[in-house]
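The values are calculated or read from the model by the stated rules, or taken from the named source; none is laboratory data. Keep in mind it's a predicted model, so treat the numbers as computed, not measured. Cβ atoms come from the backbone with ideal geometry, glycine included; neighbour counts cover every protein chain shown.
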Amino acid sequence: MKPFLLSLISTAAAVAVLNSCTDHGLPSDSYPARAEAQNPKIITEVGNVKVYNGGFGSALVQDPNDHMAFYLLTDRGSNIDGKVADSKVFADPSFAPQIGRFRLQGDQLILDKIIELKNEKGEKLNGLPNPPGFGYSGELALDVLNNTLPNNIDGLDSEGMALAKDGTFWVSDEYGPHLVHFDKDGNTLERINPFGNGFGNRRIPLVFAKRRPNRGMEGLTITPDGKTLVGIMQFPLYNPSAADISGSLVTRILVFDIVTGVSKEYVYLIDRANLQANSEIVAVDNTTFLVLERDGEYATDANRATVIKKVYKVDIGNATDITDPANGVNGKLFGGLTVEQLKTAANLTANGIKPVTKTLVADLMTDIPTLYPHDKAEGIAIINSTTIAISNDDDFGVVGSGGIYTQKILQGTGLVDRNTIYFVKLKQPLW
């Protein structure tokens, strides 16, 4: 074959590969090693403890039209464990989960826009737990004076986020779990949950209601063709119960067709039992994804070899669809057991189930220039074939237990935790 024909074929093949992947940012050297949010405002104070806004980093999306701008998502708002079992103390119960648009300037993140999330009536959402039948988590919500707060049908513990080509947002949460579609101004267009009582009345499989409280649909992405939402559960479902799945490595990936509402489910095996564990998922192409998997530990020089803050490349192409056609409360059973009860790769294989494949592409304990100081690596975006971005949840700069708020001070720096994006260079290109 003539050289110029070979060249044309090679060029066409390269373009085909690029077109199959998501839109990506500037060359790697255009980004700093890390960038930190600047001067977050104070939402409220509990005693002398400042609660910051802050709170962004649960999910991360690069603006496809401005590669120096990033959308970051908050969760339900600042809260800590109360004195009573399963109670949560909210510093600002009226806080509306929100999306912040940040601009990268050198090594700084400058907040230039906040989109507060609202219901279909245009009323601001809050992060208070849902009532029974709508995603009830079993949590008792309290204010800082120990007054009981009401459950809220619209309450959202937002954790995953995807940006559609039309500029609308999809957000997943830890309560229902819910999949909520918002317009560009944050108004609800549709809310989808396992119960079929969301705004719009479509549903995801009923088994997802078995999620462990506070370990719901932590990650969400949209495929490059714009047709499919792909969400990942943070932890094994309590399916049928917490005791039954002790030690299980089995978590679920949901693939949801946006037009038809038809869904598929796949098994993703976490690295070890009782991790936090899956924080985010982002599409490389229509069947390949990156998953950010983590524990809840702070790294030190002594323990960094065992701390888990890792990114895996995941392929669902040859995995077994475990969807239950009957949509039972426990999902499809195998030998009378739920997939969570199968627990391990060996047991899955024995029951004819192939989990998604996973290949390590980045380890924050070894692949950034400094010791990663945060406990909660939660957001991930693909910048280009050799660079990814990782954001952290800074918990609004506060932690606490027993109803007592304290400032969240990073052990490695002695400073209050701040939302930070790390731009991680990959050892091997993604495509």
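Odds and ends about this structure:
- Meets criteria (farther than 24 Å from residue 57 by Cβ and not charged (D, E, K, R)) for residue 282: no
- Just one of the listed residues (362, 345, 319, 350) is more than 25 Å from the chain's Cα centre (by Cα) and either farther than 27 Å from residue 290 by Cβ or at pLDDT 95 or above (or both), and it is 350.
- Scanning the range 289-313 for residues that are more than 16 Å from residue 162 (Cβ to Cβ) and either touching a Ser or Thr at 6+ places or on another chain (Cβ under 6 Å) or outside any loop (DSSP other than H, G, I, E, B) (or both) yields 293, 294, 309, 310, 311, 312, 313.
- Answer from 156, 145 - the residue that is crowded, with 16+ Cβ neighbours inside 10 Å, outside any strand (DSSP E or B) and either of a type in the set (A, V, I, L, M) or at pLDDT below 95 (or both): 156
- Within the range 399-421, the set of residues being of a type in the set (A, V, I, L, M) and either surrounded by fewer than 24 Cβ atoms within 10 Å (Cβ to Cβ) or in a loop (DSSP other than H, G, I, E, B) (or both) comprises 399, 404, 409, 410, 415, 416.
Residues checked against (1) touching a residue at least 60 places away in the same chain (Cβ under 8 Å); (2) farther than 29 Å from residue 96 by Cα:
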residue	(1), (2)
393	yes, no
402	yes, no
406	yes, no
410	yes, no
415	no, no
418	yes, no
424	yes, yes
428	yes, yes
431	yes, yes
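- Filter pass, residue 165 being charged (D, E, K, R) and farther than 29 Å from residue 63 by Cα: no
Each row is one residue, and each column tells you yes or no for (1) more than 16 Å from residue 339 (Cβ to Cβ); (2) within 19 Å of the chain's Cα centre (by Cα); (3) among the small types (Gly, Ala, Ser).
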{"site": "217", "(1), (2), (3)": "yes, yes, no"}
{"site": "222", "(1), (2), (3)": "yes, yes, no"}
{"site": "226", "(1), (2), (3)": "yes, yes, yes"}
{"site": "231", "(1), (2), (3)": "yes, yes, yes"}
{"site": "236", "(1), (2), (3)": "no, yes, no"}
{"site": "242", "(1), (2), (3)": "no, no, yes"}
{"site": "245", "(1), (2), (3)": "no, no, no"}
{"site": "252", "(1), (2), (3)": "no, yes, no"}
{"site": "256", "(1), (2), (3)": "yes, yes, no"}
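- Residue list for the range 408-431, restricted to those being of a type in the set (S, T, N, Q) and under 24 Å from residue 301 (Cβ atoms): 411, 413, 420
- Residue, farthest from residue 324 (Cα to Cα), within the range 350-369, restricted to residues that are crowded, with 20+ Cβ neighbours inside 10 Å and in contact with a Leu (Cβ under 7 Å, 6 or more places away or on another chain): 362
- Residue match in the range 170-185 (condition: surrounded by fewer than 24 Cβ atoms within 10 Å (Cβ to Cβ), under 30 Å from residue 41 (Cα atoms) and among the aliphatic types (A, V, I, L, M)): no
- Hits in the range 121-140 - residues which are farther than 14 Å from residue 150 by Cβ and surrounded by fewer than 18 Cβ atoms within 10 Å (Cβ to Cβ): 121, 122, 123, 124, 133, 138
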